[in-house]
Amino acid sequence: MVLDNIQNGNFSRSCRMDRLVCMPTSDGKLSVKSFWNKVRLASPERPLAKWLWNWMLPSKIGFFTWQVLCGSIPTDDAIMAMGIPFVSKCLCFCSPVRETTTHCMVVGGMASKVWDFFLRLVDIELVPTQDVRCRILFWHRHAHGRGHGRVINGLLPSFIVWELWKERNNRKHGERALSASHIVEVICNWVREIPFLPPFRKLPNPRDSIVPQFFGITQKVAPSSSDPVFLWPPFTAVKLNIDGACKGNSGEGGGGDIIRDNNGSVIVAFAKYYGAGTNNIAEVRALRDGLRLCANLGLVGPIVNSNSEVILRCVSKRRYSLWKGWYWFQEIMDHIESTRPLLSFTFREGNKAADWLANLAYDSASDIYFSGEMSLPLDLRWITSADALGLPVLRN
Ligand SMILES: [Zn+2]
């Protein structure tokens with residue numbers, strides 16, 4: 001099997017030293033995290049954990065909610081249960097009763113008013129349960145929605161129990177008591193301070209926007225991108241379009257590269273068959289082959305276009321995360337050093353010729369070279385002449 005791998009080309013001669021790789025990680029480095037993930041016995045994921053241990057929730061509040069769920073906050077009934085007898089009276093302004101966790105957090109005069117306000121806002125019908133644990137779990141299961149609204153729904157119960165407990169303690173220590181509406185306002189301030197993620201690509205539907213709008217949170221959408229067109233290089237530069245693709249992701253793959261001059265006429269184009277692999281690997285190999293060809297032809301400073309954001313990001317960060325493609329990536333970095341290409345992203349529509357060649361490679365399962373405009377198959381010439389005219393490609 002190792003021999004097969006070598007013969008299939010997942011190997012290239014180089015003067016570099018061999019290096020050890022750790023199979024379970026994407027970068028081949030052995031880390032404590034990867035080791036732990038390998039030996040641990042993970043239990044199924046709980047939806048509750050997602051909202052309790054959420055980076056958008058201050059950890060002190062997450063921990064407190066967890067304490068509430070475990071029934072371990074020091075209300076009077078909890079202390080009495082330890083065998084310490086004393087007289088207990090709740091601190092809300094209703095008819096006084098013994099203080100219990102349920103009274104303090106759910107059914108007491110102060111707690112019920114606060115919960116009622118937010119229940120009406122997020123529009124969930126609670127089962128008539130009196131238990132704080134059930135209430136939080138039920139809330140998490142039923143408060144759906146999308147975008148910012150979803151985050152708010154997930155984090156709200158934690159803010160509510162946190163503020164209720166703070167108010168209970170303030171009253172216990174003789175501070176001035178706040179009204180329920182005042183507590184609601186403090187909880188709203190927590191929500192407004194949630195560090196939401198950057199803008200969404202798509203606005204959620206109006207129903208999902210009601211809750212964020214109530215808190216005065218606007219959800220922006222990223223600006224739309226410009227029209228996709230093929231832009232040919234200025235002056236004497238050449239342009240290299242590259243594309244790598246696989247049948248399915250993880251099947252037979254191929255790469256397509258095409259080099260054109262500043263008039264848009266084809267200097268050289270090729271389709272190269274890569275055998276089994278993934279899209280990501282095919283993209284890396286196509287980039288390596290294209291840059292290698294530029295170097296061999298003595299073309300300096302080519303403008304390189306790819307429609308793979310992943311590969312471009314790897315190159316700009318000088319870091320490649322799949323150790324399987326490590327050798328190819330190293331060669332890419334060497335070529336970048338010597339030929340000084342200008343790499344940039346293009347839309348699929350601007351990369352049609354390379355895409356066509358990559359498809360040809362895996363369909364024909366062979367390597368095919370074309371030299372000059374006249375040698376191209378008719379289908380490909382259609383694409384290159386449309387590109388040369390700079391015709392825009394309109395999307396539906
Ligand atoms: Zn009370």
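The values are calculated or read from the model by the stated rules, or taken from the named source; none is laboratory data. Not measured: the values here are computed from a predicted model. Backbone-built Cβ (ideal geometry, glycine too); neighbour counts: all protein chains shown.
Odds and ends about this structure:
- If you go through the range 70-107 and keep only what is on the phi > 0 side of the Ramachandran plot and within 43 Å of the chain's Cα centre (by Cα), you end up with just Gly71.
- Trp55 being part of a helix (DSSP H, G or I), of a type in the set (Phe, Trp, Tyr) and away from the ligand (no atom under 16 Å from the Cβ): no
Yes or no, residue by residue, for (1) in contact with a Lys or Arg (Cβ under 8 Å, 6 or more places away or on another chain); (2) acidic (Asp, Glu); (3) farther than 16 Å from Ile160 by Cα; (4) within 8 Å of the ligand (Cβ to nearest atom):
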| position | (1), (2), (3), (4) |
| --- | --- |
| Thr100 | no, no, yes, no |
| Ser112 | no, no, no, no |
| Asp116 | no, yes, no, no |
| Leu121 | no, no, no, no |
| Leu126 | yes, no, no, no |
| Asp131 | no, yes, no, no |
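- Matching entry among Ile73, Ile79 (being surrounded by 11 or more Cβ atoms within 10 Å (Cβ to Cβ) and in contact (Cβ under 8 Å) with a residue 60 or more places away in the chain): Ile73
- Residues that are surrounded by fewer than 15 Cβ atoms within 10 Å (Cβ to Cβ) and at pLDDT 85 or above were ranked within the range 87-99; the one that is nearest to Gly174 (Cα to Cα) is Lys89.
- Candidates Gly275, Gly290, Gly301, filtered to the one that is within 13 Å of Leu357 (Cα to Cα) and either part of a loop (DSSP other than H, G, I, E, B) or out of contact with any Lys or Arg (no Cβ under 7 Å at 6 or more places or on another chain) (or both): Gly290
- Arg292 being in contact (Cβ under 8 Å) with a residue 12 or more places away in the chain and either under 23 Å from Asn249 (Cβ atoms) or among the aromatic types (Phe, Trp, Tyr) (or both): no
- Test: residue in the range 308-318 that is farther than 24 Å from Val238 by Cα and either in a helix (DSSP H, G or I) or out of contact with any strand residue (DSSP E or B) (no Cβ under 6 Å at 6 or more places or on another chain) (or both): yes
- Selected residue [assigned to a helix (DSSP H, G or I), at pLDDT below 85 and crowded, with 17+ Cβ neighbours inside 10 Å] from Lys352, Lys324: Lys324
- Hits in the range 180-227 (condition: acidic (Asp, Glu), modelled with pLDDT of 85 or more and not in a loop (DSSP other than H, G, I, E, B)): Glu185
- Only one of Arg135, Arg150 that is crowded, with 19+ Cβ neighbours inside 10 Å and charged (D, E, K, R): Arg135
- Residues that are within 20 Å of Val300 (Cα to Cα) and either touching an Asp or Glu at 6+ places or on another chain (Cβ under 9 Å) or among the β-branched types (Val, Ile, Thr) (or both) within the range 332-353 comprise Ile332, Ile336, Thr339, Phe345, listed in sequence order.
- Criterion: away from the ligand (no atom under 11 Å from the Cβ), in a helix (DSSP H, G or I) and closer than 21 Å to His173 by Cβ - qualifying residue of Ile84, Ile79: Ile79
- First in the range 94-105 and over 12 Å from Asp77 (Cβ atoms), second anywhere and assigned to a loop (DSSP other than H, G, I, E, B) and more than 7 Å from the ligand (Cβ to nearest atom), Cβ under 9 Å, 6 or more apart: Pro96/Lys89
- Condition met for Lys89 (part of a loop (DSSP other than H, G, I, E, B) and within 16 Å of the ligand (Cβ to nearest atom)): yes
- Subset of the range 18-46 that is under 24 Å from the mean Cα position of the chain (by Cα) and of a type in the set (Asp, Glu) - its residue that is farthest from Phe329 (Cα to Cα): Glu45
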